[in-house]
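Trainee: Encoded as structure tokens, here's the structure I'll be asking about.
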Amino acid sequence: MQGTPITIDELLRFSIFENISTEDMNAIKQYINCRVYPMKTQLITESDPSQCLYFILSGCVKVFLDDEKGKEIVVNQHHENEIVGELGVLQNIPRTASVITAKETRLGVMTEADFKSCLMHYPVLAMNLMQNLVSRLVNATETIRKLGLMDVYGRIAVTLLNLSEEQDGVRVIKEKLTQQTIAGLVGASREMVARILKDLKTGGYIKIDKGMVTLLKSLPHNW
């Protein structure tokens with residue numbers, strides 16, 4: 001469904017457009033079409049051709065893989081002011097994962113041809129993209145390092161902290177988070193995740209209300 005027109009101010013919230021002039025932004029904006037997708041709309045399917053990238057104007061998307069048995073493995077979640085699908089577009093390779101909306105999501109959609117054209121014509125955009133990719137690689141490497149050295153509880157604790165944001169003196173995960181989603185993110189069974197979350201709730205460390213997680217105090221070092 002077509003969404004309301006995208007404004008320059010909305011686009012300037014994306015790090016990829018940092019330090020780009022208003023004149024250039026007005027030109028780039030013409031290549032980005034606004035679309036609104038309901039919850040659980042599949043935007044990208046693994047192994048499909050990479051034809052466009054997405055700017056998340058509002059909402060949230062989930063990145064996942066399907067294993068040989070059809071089990072869903074959650075790889076990541078992306079939120080407002082993040083871009084999705086740029087790697088496949090840049091490398092001209094099939095999609096490496098599937099993406100589905102986790103709630104109603106408003107997106108800016110840009111085709112592969114238009115994106116590559118903008119990178120050629122606006123060098124600042126290309127530099128910002130490179131810095132963005134390097135930052136994501138560093139963060140991913142650090143997360144993998146931490147998770148690889150931890151037991152299941154440690155991986156859950158790190159994941160909850162990484163997904164949460166400071167709000168009124170406590171850390172809150174604003175998006176609904178299911179036990180299965182956490183299990184996919186940390187590489188554990190849903191049953192193990194359920195037991196750990198139950199213990200954290202009993203100990204007064206977290207509160208879960210309709211899938212929304214609030215970290216009430218510092219999580220214990222061990223479980």
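The values are calculated or read from the model by the stated rules, or taken from the named source; none is laboratory data. Values in this document were obtained by computation on a predicted structure and should not be read as measured data. Cβ placement follows ideal geometry from the backbone for every residue including glycine, while neighbour counts extend to all protein chains displayed.
Trainee: Just checking, which of Arg106, Arg155, Arg145, Arg136 is among the basic types (Lys, Arg) and modelled with pLDDT of 95 or more? So that I can check it myself, show each step before the final result.
Mentor: Working: Arg155 fails: modelled with pLDDT of 95 or more; Arg145 fails: modelled with pLDDT of 95 or more; Arg136 fails: modelled with pLDDT of 95 or more.
Criteria check complete, one pass: Arg106.
Trainee: On to the next question. Being more than 20 Å from the chain's Cα centre (by Cα) and assigned to a loop (DSSP other than H, G, I, E, B) is the filter here; which residues of region 157-187 pass it?
Mentor: The answer is Asp168, Gly169.
Trainee: May I ask you to list the residues in region 1-26 that are surrounded by 14 or more Cβ atoms within 10 Å (Cβ to Cβ) and not in a loop (DSSP other than H, G, I, E, B)?
Mentor: Glu10, Leu11, Ser15, Ile16, Phe17, Asp24, Met25
Trainee: Restricting to region 92-150, name every residue that is surrounded by 12 or more Cβ atoms within 10 Å (Cβ to Cβ) and hydroxyl-bearing (Ser, Thr, Tyr).
Mentor: Those that are surrounded by 12 or more Cβ atoms within 10 Å (Cβ to Cβ) and hydroxyl-bearing (Ser, Thr, Tyr): Thr96, Ser98, Thr101, Thr105, Thr111, Ser117, Tyr122, Thr143.
Trainee: Contact list please: Cβ distance under 7 Å, first residue in region 2-22 and in the same structural domain as Leu57 (by TED's automatic domain parsing) and more than 15 Å from Cys118 (Cα to Cα), second residue part of a loop (DSSP other than H, G, I, E, B) and not aliphatic (A, V, I, L, M), pairs at least six apart or on different chains.
Mentor: Pairs found: Arg13/Asn81; Phe14/Asn81.
Trainee: How many of the residues making up region 166-189 are exposed (fewer than 14 other Cβ atoms within 10 Å of the Cβ) and under 17 Å from Asp151 (Cβ atoms)?
Mentor: 2
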